[in-house]
1. In the set ALA122, ALA42, ALA76, ALA118, which member is open to solvent by less than 10 Å² (accessible area, probe 1.4 Å) and out of contact with any Ser or Thr (no Cβ under 7 Å at 6 or more places or on another chain)?
2. With the checklist (1) open to solvent by less than 10 Å² (accessible area, probe 1.4 Å); (2) within 25 Å of the chain's Cα centre (by Cα); (3) more than 23 Å from SER299 (Cα to Cα) in hand, flag the one item GLY34 doesn't pass.
3. Please verify whether the range 117-136 includes one or more residues that are part of a helix (DSSP H, G or I), of a type in the set (Phe, Trp, Tyr) and out of contact with any Lys or Arg (no Cβ under 6 Å at 6 or more places or on another chain).
4. For the range 137-167, name all the residues that are under 15 Å from LYS59 (Cα atoms) and assigned to a strand (DSSP E or B).
5. Do we find that ARG211 is assigned to a loop (DSSP other than H, G, I, E, B) and either open to solvent by less than 10 Å² (accessible area, probe 1.4 Å) or touching a residue at least 60 places away in the same chain (Cβ under 8 Å) (or both) in this structure?
6. With the checklist (1) surrounded by fewer than 20 Cβ atoms within 10 Å (Cβ to Cβ); (2) under 22 Å from SER400 (Cα atoms); (3) at pLDDT 95 or above in hand, flag the one item GLU171 doesn't pass.
7. Quick one: which of GLU253, GLU240, GLU279 is surrounded by fewer than 16 Cβ atoms within 10 Å (Cβ to Cβ) and not in a helix (DSSP H, G or I)?
8. Test GLU90 against the stated conditions and say whether it is among the charged types (D, E, K, R) and either open to solvent by less than 20 Å² (accessible area, probe 1.4 Å) or over 20 Å from TYR367 (Cβ atoms) (or both).
Amino acid sequence: MGMTMTQKILAAHAGLLEVTAGQLIEADLDLVLGNDITSPVAINEMKKMNHQAVFDKDKIALVMDHFIPNKDIKSAENCKCCREFACRHEITNYFDVGEMGIEHALLPEKGLVVAGDAVIGADSHTCTYGALGAFSTGVGSTDMAAAMATGKAWFKVPPALRFELVGKPGEWVSGKDVILHIIGLIGVDGALYKSMEFTGEGIQYLTMDDRFTICNMAIEAGGKNGIFPVDDLAIQYMKEHSKREFTCYEADEDAMYEETYTIDLSQLKPTVSFPHLPENTKTIDEVGDVKIDQAVIGSCTNGRMDDMRAAAKVLKGRKVAKHVRCIIIPATQAIYLQAMREGLLEIFVEAGAVVSTPTCGPCLGGYMGILAAGERCISTTNRNFVGRMGHVESEVYLASPAVAAASAVLGRIACPCEL
């Protein structure tokens, strides 16, 4: 029986010729990731183990990004714990203030993940790296602790769903709209513990930033991981960012998929996810009059250069509505610097937006954009659960950077075509 891309990667890392859906395996890991929220828990768990050394100081990445720069004493203590651990074990890939970025944008940028890798991270959006043809998934801090010590993790091999992407997206339709459409179609549990495998000729029209966004939100459909085939664009990206060798896996022609969905990209419209689940989607022409108090453009989902440029294209020569707070967060220092060199930061500031150092901040209700009771925020982040960005009586609407920027200008959820 044939295997999917994900199954081939897992088989290779388990030292097996083949695996099947539902099989339990132990796999070698190429990278173990943690951040300032999850790593201290893992570090404390590791202290309880007899084996105190890390398996490979070059294959662990600790990224201080959630409450960075430190927002309070507790966040400072968490970072101190990580910093001391990194020094004690001489962790090569430790990223702190000044060189850090939002982890899921930073690791591909630094070339730490390539096609064919098996990666786990104590953060649910670790599934981002499937855009490069890697198997990557989120785990708990206890699993992270065991992985830092042994370099291994156990998995139940996931069954797969295939998403056949055809057609060319229209203006203002981005990877965010694609994945919101898919989540609206199958629901937040539609891919529960399944591999979401993207194929089809429509992929050629998706940038790497689009693909990172789509894989990033696989978890919002319950997916174990999301993954794209390795094409020329992905290879070019890896060659530009990494010196590591990579392995391109292709699904067998007779690979088993539980279901295949065909998504015609040419038929998609800008899409917005209403409170309080990502599956609660409406196309922009179905939204109605929804006034907003805040717009956030950034996060591990949409803080990359494509996102900064899309927001700037909309905001250039315009002003953020008087009653709206617009917060823009480039995902890494390199993206921040590139946005500055291209004059995008000037566009943002002149429009009346604020620009932050890289941080996850508002996405999880940490800081840099907490909502009060009754406030509404349109955000390029990935979750809109009750209380996700602040008060339990606030509301978060998920959208693309272009829609978020247009909404900031008009003071209500809107398409850039309205400007």
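The values are calculated or read from the model by the stated rules, or taken from the named source; none is laboratory data. Computed from a predicted structure; not experimentally measured. Positions of Cβ are backbone-derived with ideal geometry, glycine not excepted, and every protein chain shown enters the neighbour counts. Accessible surface is based on the protein model in full, side chains and every heavy atom, while ligands, DNA and RNA are left aside. Shrake-Rupley method; radii C 1.70, N 1.55, O 1.52, S 1.80 Å.
1. Unique residue meeting the criteria: ALA118.
2. (3)
3. Yes, the range 117-136 has at least one match.
4. Matches in the range 137-167: LYS152, ALA153.
5. no
6. Condition not satisfied by GLU171: (3).
7. GLU253
8. Answer is yes for this residue.
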